[in-house]
């Protein structure tokens, strides 16, 4: 039995594509970035409503993906949001414009997540001036 050139190329090409697909699927399945996707999987799984809202807020977009925030839980209903000064970008963001936008995204994401859970959040930005926390949020 003779196989035409076209038939041979179809069979060989299809086999090559099938082999490449199987190899890439195996490669991707063994290289899932578990640590990187953990925050998305854990979001909303906390008992404390502040931690629950914060678990979504930390997923907010921020400049250069630096996550420049530090969070302090105070009492039973308050969150203080601090700026991690080591994560400033003086060369590309000398006036902290991008960081400020990132903090706004963080606070809005936190408020939205708290609202979905039935909590109201009252936020005061720079409650102690420029040297203190970036924001105080009371649930």
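The values are calculated or read from the model by the stated rules, or taken from the named source; none is laboratory data. Predicted, not measured: the structure shown is a model, and the values here were computed from it. No Cβ is skipped: glycine too gets one built from the backbone with ideal geometry, and neighbour counts run over all protein chains shown.
Being closer than 17 Å to residue 46 by Cβ and either surrounded by 15 or more Cβ atoms within 10 Å (Cβ to Cβ) or touching a residue at least 24 places away in the same chain (Cβ under 8 Å) (or both) is the filter here, so list the residues in the range 111-123 that pass it.
Answer for the range 111-123, where residues must be closer than 17 Å to residue 46 by Cβ and either surrounded by 15 or more Cβ atoms within 10 Å (Cβ to Cβ) or touching a residue at least 24 places away in the same chain (Cβ under 8 Å) (or both): 111, 112, 113, 114, 117, 119, 121.
Quick one: would you say residue 122 is at pLDDT 95 or above and assigned by TED's automatic domain parsing to the domain that holds residue 47? First the steps, then the outcome.
Values: at pLDDT 95 or above: yes; assigned by TED's automatic domain parsing to the domain that holds residue 47: yes.
Considered against the rule, which asks whether it is at pLDDT 95 or above and assigned by TED's automatic domain parsing to the domain that holds residue 47, residue 122 comes out as yes.
Mind listing whichever residues of the range 67-110 are under 14 Å from the mean Cα position of the chain (by Cα) and surrounded by 18 or more Cβ atoms within 10 Å (Cβ to Cβ)?
Selection gives 68, 69, 102, 103, 106, 107, 109, 110.
Tell me which helices (runs of 4 or more DSSP H) are completely within the range 1-89 and hold 2 or more residues being modelled with pLDDT under 90, or say none if there are none.
Fully inside the range 1-89 and qualifying: 5-29, 34-42.
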